[in-house]
Amino acid sequence: MKITGTGTTQQQLTVPTFKKEKILVPTVHKMDEFTLFFNSVFDKIRTNNSQIQSLQQTRDTLLPKLMSGALRVSKDGQLRVNTLKNKIKTRL
């Protein structure tokens, strides 16, 4: 669509110019396809947001324990409770 008009700061779309343009309207079938596709996209976004919240909660729970030494990660990647630190805490 080519907008022609007067003015130096903003071009105007006039009614006569707009009436000359053809507007494409999709078929009901195409609209249904569009809706199905984007519903699945939005479902994935909602799922991802839920997973993000879950991961944030896990991070917020584990990070202080890792930083304090109450938990440690072994060389094989397993999360282990630092029993020495636990024994010291229970003696105090």
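None of the figures in this text is laboratory data; all of them are computed from the coordinates on show. Please read all numbers here as calculations on a predicted model, not as lab measurements. Every residue, glycine among them, receives a Cβ derived from its backbone with ideal geometry; neighbour counts consider all protein chains shown.
Residues in the stretch 63-78 that are surrounded by 11 or more Cβ atoms within 10 Å (Cβ to Cβ) and in contact (Cβ under 8 Å) with a residue 12 or more places away in the chain: ALA70 only. Out of VAL41, VAL25, one residue alone is part of a loop (DSSP other than H, G, I, E, B) and over 30 Å from LEU79 (Cα atoms). It is VAL25.
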